[in-house]
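Since the structure comes first, as structure tokens, the remarks are kept for the end.
The values are calculated or read from the model by the stated rules, or taken from the named source; none is laboratory data. As the structure is a prediction and not an experimental result, all values here were calculated from the model. Heads up, the Cβs are rebuilt from the backbone with ideal geometry, glycines too, and the neighbour counts pull from every protein chain shown.
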Number of protein chains: 2
Amino acid sequence: MENAKDLRYAKARGHLSGRDVNNPTAAMLVIGDEVLSGRTRDANMYHLANCLTEQGIDLLEVRIITDRPDHIVASVNELRKSFDHVFTSGGIGPTHDDVTAEAVAAAFGVNIAVRDDARNLIKARCDEYGLTLNAARLRMARIPDGAELILNPVSAAPGFSLGNVHVMAGVPKIFVSMLEGLLARLPAGLPLISESIEINTVEGELAVRLSQIAEGFDKVQIGSYPFRKDGRFGVNIVVRSKDEHQVKATMAEIRHTFADYISG
Amino acid sequence: MENAKDLRYAKARGHLSGRDVNNPTAAMLVIGDEVLSGRTRDANMYHLANCLTEQGIDLLEVRIITDRPDHIVASVNELRKSFDHVFTSGGIGPTHDDVTAEAVAAAFGVNIAVRDDARNLIKARCDEYGLTLNAARLRMARIPDGAELILNPVSAAPGFSLGNVHVMAGVPKIFVSMLEGLLARLPAGLPLISESIEINTVEGELAVRLSQIAEGFDKVQIGSYPFRKDGRFGVNIVVRSKDEHQVKATMAEIRHTFADYISG
């Protein structure tokens, strides 16, 4: 048993070698009372995960927390020290429960105040729609000192990057539009390449041989995801790596080993 | 500006008074490489959030992490000290990438080994389906010392509770079935009561008055969620509290204040 344990731990460290190409790392912080209460199902995490995978930025942790400022400050400070990038979602609108911008400024120990460029973006949109630039809207022009704006093509009120923390809106359509602009200015890494195959048996039948295959390829992650479809059991095997050659070689080995369980 | 900031911080502490009824607190830990890579969209979090809200257990944080054992150990130890309950999802199957049970045992500093009651549950299922109790399946009978089993009506291999950490499978159907049995043995708190109303205007128009209403009710959380439907802008206002009377009073005030923007 101790051997099995050591092998598994070595394997987990092996996962890291999948990141030896020095891809940037990332965490996401969702400020989401409404997700924690089960009211809404987060969509931004799923979108960000896919965009980062494409761009070769390794998303290694997501945290969903309440909108308590002390909790936001603590989480931002913990994550920004551990990861190259921190992407936040939620809490930068005009209402009383939007406390993210202020909390991020507090985490960095910098001032936050209305900034002309942010104010002008919001004012232009207000003029266009015949709306008043009232106190609530002006709150959205508050930007921490030293931050760079993240443009919001949907509704004008910008997000911002402060150091390695990128602060975006929680409304999915706005989050998507902000992220597109932001990612264009972040350096890309090597994208993760993945292939998958359906094996027509239960996990317990293939686990031992799959584990042996995993030992042989140190730069791939092999994930095993059981499913049940129309009363039939099966397992999706997903092979991921930054090294396309290793993905191909691993998939060939899996196809050979489990030929009896693969359709078509 | 300083005043506004102080008020907001006081308000956030006010949120906590919503928990003065001493509801149990909870965090969720999703072991989910496949969620972080964007391959799958987590369903268990959404399900757990709703079940806990019904049962009066306050879910205050969710973390999604990779299946690196050191990361699991660190997260389990951090969360179990901060919250009354920690619910985990994923990583307890028969394959090489299932490292959760071992990592949770390591977090508590206890041994993990095949236990007869768990073994018997899995063996009975194997006998029923004519399957072999091989090494991979036997791995799922490994239970940390001192843990209590969480039954798995779907596929037999159990989860377990070790102290305040409840370890369950990631396959949604199994997670749901395990959680049902587990929640039946956890003490309930006061459920969160929520009501919502659609306001037919943009957030910037109602934020100031909404903030004033929020100041007047210290035991409610008022959330504001903008939407766009069929080209029409609106805001969902959600009022949540453990105190039904306060929810009703707050909703009445909101209906009165924004009468001009409410349909029907």
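Some notes on this structure:
- Taking (1) among the hydrophobic types (A, V, I, L, M, F, W, C); (2) in contact with a Lys or Arg (Cβ under 8 Å, 6 or more places away or on another chain); (3) within 11 Å of another protein chain (Cβ to nearest Cβ) in turn, B:Phe233 satisfies each apart from (2).
- Scope the range A:229-261; condition part of a strand (DSSP E or B) and surrounded by 14 or more Cβ atoms within 10 Å (Cβ to Cβ); matching residues: A:Phe233, A:Gly234, A:Val235, A:Asn236, A:Ile237, A:Val238, A:Val239, A:Arg240, A:Ser241
- Filtered residue count, the range A:32-71, keeping only those that are outside any loop (DSSP other than H, G, I, E, B), facing another protein chain (nearest Cβ under 9 Å) and either within 15 Å of the chain's Cα centre (by Cα) or within 15 Å of A:Val167 (Cα to Cα) (or both): 19
- Single residue of B:Asn77, B:Asn22 found to be farther than 16 Å from A:Asp33 by Cβ and modelled with pLDDT of 95 or more: B:Asn77
- The number of residues in the range B:24-59 that are surrounded by fewer than 21 Cβ atoms within 10 Å (Cβ to Cβ) and farther than 26 Å from A:Glu54 by Cα comes to 9.
- Scanning the range A:169-223 for residues that are assigned to a helix (DSSP H, G or I), more than 15 Å from the chain's Cα centre (by Cα), within 11 Å of chain B (Cβ to nearest Cβ) and not basic (Lys, Arg) yields a total of 13.
- Boolean, B:Ala113 is outside any helix (DSSP H, G or I), within 9 Å of chain A (Cβ to nearest Cβ) and small (Gly, Ala, Ser): yes
- Here B:Asp243 does not fit the description of being touching a residue at least 40 places away in the same chain (Cβ under 8 Å), of a type outside the set (A, V, I, L, M), more than 18 Å from A:Arg139 (Cα to Cα) and touching a helix residue (DSSP H, G or I) at 6+ places or on another chain (Cβ under 6 Å).
- Taken over the range A:224-249, the criterion of being among the basic types (Lys, Arg) and within 20 Å of the chain's Cα centre (by Cα) is satisfied by A:Arg240, A:Lys242.
- Among the residues making up the range B:90-145, those that are under 24 Å from B:Val35 (Cα atoms) and of a type in the set (Val, Ile, Thr) are B:Ile92, B:Thr95, B:Val99, B:Thr100, B:Val104.
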